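Scroll down for the structure; my scribbles are underneath it.
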Amino acid sequence: MMNHNFSRCLLIIILIALGNYSHAASKPNIIIILADDLGYADLGIHGCKDIHTPHIDSIAKNGIRCTNGYASSPICSPSRAGLLTGRYQQRFGHEFNPVVAENNSPIFKGPQDATLPRLLKNAGYKTGMIGKWHLGTSEKFNPINQGFDEYFGFLGNANTYTNGKNINSNIVRGIKPHDEQAYLTDAFAREALAYIDKQKKDPFFLYLAFNAVHSPLQASPKHDIDIDKIPNPNRRTYASMLIAMDDAIGKLLAKLEKENLSENTLIFFISDNGGAETMNFSDNGHLKGTASTTWEGGIRVPFLVQWKAVLPKGKVYDNPVIQLDILPTVLAATGENFSHKNKLDGVNLLPYFKGENKAPPHDALYWRYGSQMAIRMGDWKLTKAPDEDFKFNREDKASADGSHLYNLKEDIGESNNLSDSNPEKVKALTEAWNQWNKELLKPTWGEQKLKAKEEN
Ligand code: CA
């Protein structure tokens, strides 16, 4: 009898252990690392020569590098609104950066309020955010009131790196002002490690949104040694800021390794938009244009994904993907069933990354940013920008109707406008974009033109 009871106890213990194991295996930790205004060509894995980014590069080496990764906006706040909803942000009026004022964050109103932190929190995840928010500055829009258990960072668009005094907002922990003395990127790394220490026993979500390498240009003094050879002093400062971020990401990855969390943590690394070259001395390489334009330089971003337990290592994925895909990919990775009131524009990328689905994830990707439009369908991209005010590098001429048509596979630099010789292609892409555009709202607030140019 005693033996029988003992066996039953043992069986129960084994079942609990198995239960815990399968629980851990089915619910990965989720980390989204967002860079700000990072140049497309400024990573080692993208061929950068003057700045070394070994830790960011390691995410590609241990996972997937998407060579046609996009953001749904060429500027900060709308890109973040798309990221956290999985939907084109113009569907709910979030087309431009909000003015830094109360109540300017329609992302968190109404039925579209199915944001990634809320969904994951409801699925039992611990949810933490560190860094730049830029989705509303009033208390009701603070991350801790929008699905995050905890928050450390700043709420506005930009912030100084070297002291606690801010350009347009304060460093806060939750809703409380925080006097930060460390270089801000280092402070974010410190907070990320502390968060993992605190939450490592449960499935967690960490949204780590660096303001690096957004202006202002403020070097991290301790990272200067490696970059002395760079001749331009502004580029040197930019390099220092980027190396500080790479170093912070290295600390985060080492922490995951140390805590045996590296295998079952799904990590994304992207930039919110393309490099703001003239503002921060970033480099988009062969890509034309910069942040705040719908040229490739404004919307094509580094897009790296690591999940060692599940995804291939060192794979290069060439079909176009977009940051809107991150939400559905994360939700699928959790193994939970989620219902959505609204149609998601993003798709779950896991079957594509694993090679189970060979088709392209999207028939087309779309952009609207004020007077600028763009659509990508297969290798073809059509873009129009009637507003001559924009700082476009117009080496080639638009056709009579303002069209620029490129085959990106052959012309990644958008230098050879094929619209006059391909009227049928222009027509088809225009019609597809018009169809999509009909589904969008008018912008809830207008474009802050000067600010948009300065603050990407
Ligand atoms: Ca940005």
Q: Output the residues belonging to the stretch 241-269 that are within 16 Å of K198 (Cα to Cα) and acidic (D, E).
A: E257, E259
Q) Do the conditions hold for L311, that is, is it aliphatic (A, V, I, L, M), away from the ligand (no atom under 16 Å from the Cβ), within 16 Å of the chain's Cα centre (by Cα) and within 24 Å of I249 (Cβ to Cβ)? A) no
**Q.** Answer from G47, G39, G82 - the residue that is within 14 Å of the chain's Cα centre (by Cα) and more than 26 Å from E336 (Cα to Cα)
**A.** G39
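Residue-by-condition table, conditions (1) under 25 Å from T237 (Cβ atoms); (2) surrounded by 24 or more Cβ atoms within 10 Å (Cβ to Cβ):
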{"residue": "I32", "(1), (2)": "no, no"}
{"residue": "D42", "(1), (2)": "yes, yes"}
{"residue": "H46", "(1), (2)": "yes, no"}
{"residue": "K49", "(1), (2)": "yes, no"}
{"residue": "N68", "(1), (2)": "no, no"}
{"residue": "S73", "(1), (2)": "no, yes"}
{"residue": "L83", "(1), (2)": "no, yes"}
Q.
Kindly evaluate G413 against the criterion of being closer than 22 Å to R300 by Cα and either buried (at least 16 other Cβ atoms within 10 Å of the Cβ) or modelled with pLDDT under 80 (or both).
A. yes
Q: Within the stretch 240-263, track down each residue that is small (G, A, S), within 20 Å of the chain's Cα centre (by Cα) and surrounded by 24 or more Cβ atoms within 10 Å (Cβ to Cβ).
A: A244, A248
**Q.** Answer residue from the stretch 280-303, given it is farther than 16 Å from G69 by Cβ and within 10 Å of the ligand (Cβ to nearest atom) and is farthest from the chain's Cα centre (by Cα) among those
**A.** N280
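The values are calculated or read from the model by the stated rules, or taken from the named source; none is laboratory data. Quantities reported herein were computed from a predicted structural model and do not represent experimental measurements. So basically every Cβ, Gly included, is an ideal-geometry build from the backbone, and we count neighbours across all protein chains shown.
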